[in-house]
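The numbers here are math on the coordinates, done by the rules we state, and not lab data. As the structure is a computational prediction, the values presented were derived from the model and not from experiment. Every residue, glycine as well, gets a Cβ built from its backbone with ideal geometry; the counts of neighbours run over all protein chains shown.
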Amino acid sequence: MNTPNRAAILLAHGSSDSLWLTPLSFAATVAKPFRRTKSGIGLHGIAEPNLTSQVQSLVQGYVQLEIIPLFFCQGMHLRKQVPKLLTQLSAELLPSCPKLSLVLHEPVGLEDEVAAAISQVIARKLA
């Protein structure tokens, strides 16, 4: 992922509750191994910074934006709403950024490592 023309947006669910955003401070820690890759949090819903504003802020200077959902599974947001939004953004940005590619990844919750980590936490809490 350390490609100069590629940036990452960690997509999380937004909320009108400002305390919801506090746990998302881990994004800086997550991004440390990818120092040469610009990254940021984009929120789906009503909170800021939303996905649209993050795409618009990262589009200058980057050819590919990797959207990595910090979701447990692929519900309505990731199956329909986010792809529709990314299609709209691509169409809007295409005239000024003809080489732009917006890549939506599978949610991290579907990864084996995440399931293993959750299992470890549950086992520790029940021990």
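Given R₀ = 35 Å, FRET efficiency for residue 48-residue 115 by Cβ-Cβ distance, to 0.05?
Working: r = 31 Å, r/R0 = 0.88.
Rounded to the nearest 0.05, the efficiency is 0.70.
Return the FRET efficiency for the residue pair residue 101, residue 19: r is the Cβ-Cβ distance, R0 is 41 Å, and the value is rounded to the nearest 0.05. Could the numbers behind the result be given before it?
Working: r = 35 Å, r/R0 = 0.85.
The value I calculate is 0.75.
Can you give the direction-averaged projected area of the convex hull of the alpha-carbon atoms in the stretch 41-108, in nm²?
Details: hull surface 17.3 nm².
Computed as one quarter of the Cα hull surface, the answer is 4.3 nm².
Using a simple spin-label model with points 7 Å from Cα along the Cα→Cβ vector, what separation in nm is obtained for residue 64 and residue 84?
2.8
Mind checking the stretch 72-116 for trypsin sites (Lys or Arg not before Pro) that DSSP puts in a loop (not H, G, I, E or B) and that have at most 13 other Cβ atoms within 10 Å?
Filter output for the stretch 72-116: 99.
Can you list residues whose amide H is under 5 Å from residue 10's amide H, if they're 5+ apart or on another chain and H is modeled 1.01 Å from N?
Distant-sequence amide H within range of residue 10: 40, 41, 42, 68.
Restricting to Cα pairs below 8 Å that are 6+ residues apart, what does the relative contact order work out to for the stretch 57-127? Please round to a whole percent.
So the answer I get is 45 percent.
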